[in-house]
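Encoded as structure tokens, the structure appears first; notes follow it.
The values are calculated or read from the model by the stated rules, or taken from the named source; none is laboratory data. These numbers come from a predicted model, not from an experiment. Positions of Cβ are backbone-derived with ideal geometry, glycine not excepted, and every protein chain shown enters the neighbour counts. Just so you know, the surface numbers come from the protein's heavy atoms only, side chains and all, with ligands and any DNA or RNA stripped out. Shrake-Rupley method; radii C 1.70, N 1.55, O 1.52, S 1.80 Å.
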Amino acid sequence: MFPTLASEAFLSSRCIWVNGPVIVGAGPSGLAVGAGLKNQGVPFIILERANCIASLWQNRTYDRLKLHLPKQFCQLPNFPFPEDFPEYPTKYQFISYLESYTKHFDINPHFNETVQSANYNATFGLWRVKTIATGGPNPIGVEYICRWLVVATGENAEKVVPEFEGLQDFGGHVTHACDYKSGQSYSGERVLVVGCGNSGMEVSLDLCNHNANPSMVVRSSVHVLPREVLGKSTFELAVSMMKWLPLWLVDKILLILAHLILGNTEKYGLKRPRVGPLELKNNAGKTPVLDICAFQKIRSGEIKIVPGIKKFSRGRVELVNGETLEIESVILATGYRSNVPSWLK
């Protein structure tokens with residue numbers, strides 16, 4: 001039963017009482033929470049601003065993307081991947097898996113519903129979640145009242161687009177990695193890839209495979225690790241070692257293995273941070289790059305490593321070392337950020 005509230009201002013004319021949690025986000029985490037609650041008989045609703053589950057995977061990833069970790073580390077609770085899936089499923093296989101997961105647990109998110117604000121009322125011990133639903137002919141404001149709020153919107157809700165001097169005068173094609181699909185349309189072009197994380201590396205590799213000429217901006221230090229060591233996942237190896245060894249020692253072992261397999265990455269413009277890869281991930285949230293042949297292209301010179309950007313001009317970019325490159329396109333692999341601070345009060 002809905003509790004009696006002393007203040008009528010706490011409610012609006014379009015309130016919905018949820019006798020359980022409100023989950024924001026219908027990506028893998030939101031679906032997993034929903035399935036867990038379903039198994040316990042706990043009612044809930046999932047709010048999703050897009051028109052589909054896993055919108056990041058469906059709408060904002062490139063065609064060649066595969067899971068960077070083995071499938072056993074990426075499957076959701078109580079529903080393993082199909083046995084015939086490869087160890088590193090493609091994005092299309094992963095989306096298919098998530099759709100099967102949603103159907104299996106009979107999860108029905110509220111699509112096209114964007115959270116505007118979520119406030120906690122300490123007096124009544126309730127959350128007040130305001131949304132805009134855009135699925136119909138006219139936008140509708142809805143307010144949910146619940147005792148529990150689960151934020152499952154992930155770290156990659158909004159793309160990060162830095163400001164660069166002169167970019168408006170560049171004149172060529174500029175896109176963020178979230179809108180990049182394939183290097184096919186870039187064949188023969190000189191492309192500047194800004195960013196050297198997993199996306200920057202993989203986009204640069206994809207461009208090479210489609211006969212483009214990528215230059216990748218590496219502004220700061222980065223850890224590059226092989227995806228596998230002697231046929232075993234580097235991540236799986238790290239997880240196994242962390243059961244028995246301190247983190248600093250696991251980091252040291254990973255770096256020794258990386259040096260044996262990849263060689264000296266600094267020789268090619270990829271300076272390693274002083275802090276180890278796992279410690280850096282824990283403390284700063286910066287994920288190491290798991291190499292899937294991009295470093296081989298860097299060593300061969302097919303992917304050129306360049307320093308930070310000073311400014312753009314018509315058809316070219318000036319770098320901080322004074323070098324000028326003539327380029328035709330720019331791809332911003334500059335990452336993402338959470339949008340939670342904008343609505344969680």
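For the reader, a short list of remarks on this structure follows.
- Farthest toward the positive end of the dipole of the range 158-337, out of Thr334, Asn283, Pro307, is the Cα of Asn283, where the dipole comes from beta carbon charges about the Cα centre.
- Taking 16 Å as the cut-off, the amide N atoms of the range 95-118 that come nearer than this to a point 7 Å along the Cα-to-beta-carbon line of Thr134 belong to 110-117.
- Alpha-carbon centroids, the range 219-250 and the range 41-89: separation in whole Å: 23 Å
- Ranked order, Trp148, Trp343 - accessible area, probe 1.4 Å, largest first: Trp148, Trp343
- Average accessible surface area per residue within the chain, 1.4 Å rolling probe, Å²: 52 Å²
- DSSP-defined beta bridges in the chain - what % are antiparallel, rounded to 5: 50 percent
- Whole-number percent relative contact order across the range 92-148, with pairs defined as alpha carbons under 8 Å at least 6 apart: 25 percent
- Counting only protein heavy atoms and using a 1.4 Å probe, the accessible area of Asp251 comes to about 10 Å².
- Projecting the Cα positions of Cys15, Thr131, Gln40 onto the charge dipole of the chain (unit charges on Cβ atoms of Lys, Arg, Asp and Glu, taken about the Cα centre) puts Gln40 furthest along the positive direction.
- Value of [θ]222 nm, deg cm²/dmol, for the chain, DSSP H segments ≥ 4, -39500 (n - 2.57) each, nearest 500: -7000 deg cm²/dmol
- Cβ-placed point charges (K, R +1; D, E -1), dipole of the range 206-277 about Cα centre in debye, nearest 20: 240 debye
- Normalising the average separation of contacting C-alpha pairs (under 8 angstrom, six or more residues apart) by the number of residues puts the relative contact order of the range 158-337 at 39 percent.
- Portion, in percent, of the accessible area of the chain that falls on carbon or sulfur, probe 1.4 Å: 51 percent
- Multiplying the residue separation of Arg147 and Val160 by 0.36 nm and subtracting their alpha-carbon distance yields 1.4 nm.
- Once C-alpha pairs closer than 8 Å and six or more residues apart are averaged by separation and normalised to the residue number of the chain, the relative contact order reads 20 percent.
- Karplus-derived HN-Hα couplings along the range 262-273 (A = 6.51, B = -1.76, C = 1.60, θ = phi - 60°), whole Hz, x at Gly and Pro: 9, x, 7, 5, 5, 4, 10, x, 10, 6, 7, x
- Residue-level accessible surface for Phe235, protein heavy atoms, 1.4 Å, Å²: 80 Å²
- Under 22 Å of direct C-alpha separation, and excluding same-chain neighbours fewer than eight residues apart, Lys159 reaches these lysines: Lys66, Lys91, Lys181, Lys281, Lys286, Lys310, Lys311, Lys345.
- Rounded to the nearest 20 debye, the dipole size of the range 62-208 about its Cα centre is 400 debye, using +1 on the Cβ of Lys and Arg and -1 on the Cβ of Asp and Glu.
- Theoretical gain in end-to-end length, Leu245 to Ser221 [0.36 nm per residue, Cα-Cα removed]: 6.1 nm
- Built amide H within the under 5 Å cut-off of Ile303, gap 5+: Ile298
- Where Glu266, Glu323 fall by accessible area, highest first, once all protein chains stay in place (1.4 Å): Glu266, Glu323
- Size of electric dipole in the range 289-345: Cβ of Lys, Arg +1 and of Asp, Glu -1, about Cα centre, debye, nearest 20: 280 debye
- In the range 14-154, the DSSP beta bridges split such that about 65 percent are antiparallel, to the nearest 5.
- FRET E, pair Arg314, Asn19, Förster distance 56 Å, beta-carbon r, rounded to 0.05: 0.40
- Summarising the amide proton neighbourhood of His173: residues at separation of 5 or more, or on other chains, whose placed amide H is nearer than 5 Å comprise Val330.
- Built amide H within the under 5 Å cut-off of Val193, gap 5+: Ser215, Met216, Val217, Ile331
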